[in-house]
């Protein structure tokens, strides 16, 4: 299943934590895990300061890709990227879940539509 559909379903269900896996497009797959640290339902505008966010690239829907690509804020506090075993900072302008998902999903992000 497309990951965008899985994310949208979880956002529509107003949960405070979820982990989904699916296809971004073609052979590009990812696993996304989000937890709102305040216990509130996750929505597209959730501030990253209030959430634990992790997105990991996958190969063929199951295997973590060699030379992994990951975006997270779980162990450094600030959102950053892991590219080929190097940590790369992300602009301080990326402050919401929406911005982090846009980095991961590219143009597929717009299929989320508007969330309240």
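In table form, for the structure just shown:
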item	result
Computed Rg/Rh of the chain, alpha carbon atoms with Kirkwood Rh	0.93
Length released on extending from residue 95 to residue 28, taking residue separation times 0.36 nm less the Cα-Cα span	21.6 nm
GNM flexibility winner over the chain from 96, 38, 46 (Cα, springs under 10 Å)	38
GNM top mover of 86, 52, 19 - the chain, alpha-carbon springs below 10 Å	86
Choice from 24, 42, 83 showing the highest fluctuation, given a GNM over the chain with Cα pairs closer than 10 Å	83
Computed helical MRE - 222 nm, the chain, DSSP H runs ≥ 4 contributing -39500 (n - 2.57), nearest 500	-4500 deg cm²/dmol
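Just so you know, all these numbers are worked out from the coordinates, no wet-lab data involved. All figures in this text were calculated on a predicted structure; none of them were measured in a lab.
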